[in-house]
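Chemist: Here it is: the structure, laid out below.
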Amino acid sequence: MLKKSKKANAEPKVSNSPVTMVDRTIIGDQIYIEGTIRGEEDLLIEGSVKGSIEMKANHLTVGSKGQVEAEVRAANVTISGKLEGNISATGRVEITKAADFNGEIKAKSISVEDGAYLKAVIELEREPTQKAVPLGKPEVKSPSVPTKEPLTLAGKDSKGN
């Protein structure tokens, strides 16, 4: 005769530790999307997307199987598949050796690995700089008390002192 296990009727244990999930959406290689994609989390595209992608504060990755024809706005972009269109990134654009990119890139920085296909117009944004001081002759003020010694702006005087 078979006995029932006491473990079979026991309730499953529930863990009190927090469950963490990666805040990233994946568009699989069997998915085709046409239209606008907007999101508040990182996105990995392994499928086909045609239209526009707006991930303004997040990272967009076009995976090795990804086929994208879109206008892209994201914080950072990594391309390992094919992307045709324009990219506007507030941060960095990375083009890996497996990438095929054709379009325009506007970003703060860009990296391109050897072996990548790249046909692009690239505009790198400069960091704000301090206002430049115009070049020219320095303004020399005459001393309030007349002296016999020549006035020097910097360094040693005419006697080597």
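The values are calculated or read from the model by the stated rules, or taken from the named source; none is laboratory data. Remember, it's a predicted structure, so these values are computed and weren't measured experimentally. Virtual Cβ from ideal backbone geometry, glycine too; neighbours counted across all protein chains shown.
Chemist: Name the one entry in 96, 78, 90 that is within 10 Å of the chain's Cα centre (by Cα), buried (at least 16 other Cβ atoms within 10 Å of the Cβ) and closer than 23 Å to residue 25 by Cα.
Modeler: Selected residue: 78, the only one of 96, 78, 90 that is within 10 Å of the chain's Cα centre (by Cα), buried (at least 16 other Cβ atoms within 10 Å of the Cβ) and closer than 23 Å to residue 25 by Cα.
Chemist: Hey, residue 55 hits all of (1) at pLDDT 95 or above; (2) surrounded by 15 or more Cβ atoms within 10 Å (Cβ to Cβ) but one; which does it fall short on?
Modeler: (1)
Chemist: Here's another thing I want to ask about it. Give me the pairs, please: first residue somewhere in the range 78-89 and modelled with pLDDT of 95 or more, second residue anywhere and among the aromatic types (Phe, Trp, Tyr), beta-carbon distance under 8 Å, and either six or more positions apart or on two chains.
Modeler: 79/101; 82/101; 83/101; 84/101
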